[in-house]
1. Listed residues Gln43, Gln79; which is touching a residue at least 12 places away in the same chain (Cβ under 8 Å) and closer than 19 Å to Arg176 by Cβ?
2. Can you give me the number of residues within region 240-274 that are closer than 20 Å to Glu169 by Cβ and of a type in the set (Val, Ile, Thr)?
3. Give me the residue from region 164-194 that is of a type in the set (Lys, Arg) and modelled with pLDDT of 85 or more and, out of that set, surrounded by the fewest Cβ atoms within 10 Å (Cβ to Cβ).
4. Test of understanding: among Thr233, Thr201, Thr227, which residue is out of contact with any Phe, Trp or Tyr (no Cβ under 7 Å at 6 or more places or on another chain), among the hydroxyl-bearing types (Ser, Thr, Tyr), within 26 Å of Arg81 (Cβ to Cβ) and at pLDDT 85 or above?
5. Of all residues being within 11 Å of the chain's Cα centre (by Cα) and in a helix (DSSP H, G or I) in region 10-26, which is surrounded by the most Cβ atoms within 10 Å (Cβ to Cβ)? Just the residue, please.
6. Taking the residues in region 267-302 that are among the basic types (Lys, Arg) and crowded, with 16+ Cβ neighbours inside 10 Å as candidates, determine which candidate is modelled with the highest pLDDT.
7. Take region 189-221 and flag every residue that is part of a helix (DSSP H, G or I) and not small (Gly, Ala, Ser).
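The values are calculated or read from the model by the stated rules, or taken from the named source; none is laboratory data. None of the values given here were measured: they were computed from a predicted structure. Neighbour counts are summed over all protein chains in view; Cβ atoms, including those assigned to glycine, are modelled from backbone coordinates with ideal geometry. The protein model used for the area step is the full one, side chains on, heavy atoms only, and it has no ligands, DNA or RNA in it. Shrake-Rupley method; radii C 1.70, N 1.55, O 1.52, S 1.80 Å.
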Amino acid sequence: MKSSKYDVIVIGAGHAGCEAARACARMGLRTAMITMNLDLIAQMSCNPAVGGIAKGHLVREIDALGGMMGEVTDAVGIQFRLLNTSRGPAVWSPRAQCDKKQYRFRMREVLEAEPNLRILQAEVAQLVIEDSASRRVTGVLLRDGRTVSSEAVIVTTGTFLNGLAHVGEMKYSCGRNGEAPSNLLGDQLRTLGLPWTRLKTGTPPRLDGRTIDWSRFEAQQGDAVPTPFSFLTEKIERPQVCCYIAYTSDETLRILRDSIARSPLYSGQIEGVGPRYCPSIEDKVVKFPDKTRHQIFPRARRP
């Protein structure tokens, strides 16, 4: 570690952490972004998509403010669609499926090219607080005992802070599946009297495309003329990859309804507040009981 003193420290290297770190660095601030794994910067953990209804507008706003998300998506997207085109232009929403590996590779390249930004691999154990009265944060204490000083600290830990995973009827502490959670920092923040709550997200299973009978799915092509996210992207000329869509059957719905009591969402095992979008399949069955089928989106590239 070349320096132990920075103007700003950003904890976490997900979408928010990457944007915050680069924004600070471009303002001329000596910035350190700390992540537990350098190889998983900007990892797209759930659905490797960017944008969609409402979220597409947000990515455009990030781009207008000088952010990277739109440009990186334009560079590594494999299918682009402009949603809601049957309605007025105010609700048109761009969405792109991305090559998830290339997304994090490209994002890391952009960050490493920023002269005022240094990326550190470490776990933040605690915020260093000057005194109990002012609660002024003056840096962070790493798990290995090192202290890194700064004038400000930005926390963007996402699902890692006291992370908890539910897989079927099992639950265990982790960040992303197979990665360690950030419990030390989470435990300290709880002692500071800050209000906190637990949020929930859902991650679909990964399927091997070679095991899927694609003939039973409905092809969903990208737009003939892809709409870029970034105002700086003139044109997207890469070939589009076809996605596929299918629907649950009567037997699928029967199995889901018979097993609702075993779902962590309805057994009381999950206490977090869920997202408005991307509900789990059992959530759809319960909340829309009048529907005879529900869409399933296999996003994987066809082999």
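1. It is Gln43.
2. 4
3. Across region 164-194, the extreme among qualifying residues is Arg190.
4. Thr233
5. Gly17
6. Lys284
7. Listed by number, the residues that qualify are Leu189, Arg190, Thr191, Arg210, Thr211, Trp214, Arg216.
Rundown of residues vs (1) within 25 Å of Cys242 (Cβ to Cβ); (2) over 20 Å from the mean Cα position of the chain (by Cα); (3) assigned to a helix (DSSP H, G or I), yes/no style:
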{"site": "Val8", "(1), (2), (3)": "no, yes, no"}
{"site": "Ser45", "(1), (2), (3)": "yes, no, no"}
{"site": "Arg60", "(1), (2), (3)": "no, no, yes"}
{"site": "Tyr103", "(1), (2), (3)": "yes, no, yes"}
{"site": "Glu109", "(1), (2), (3)": "no, no, yes"}
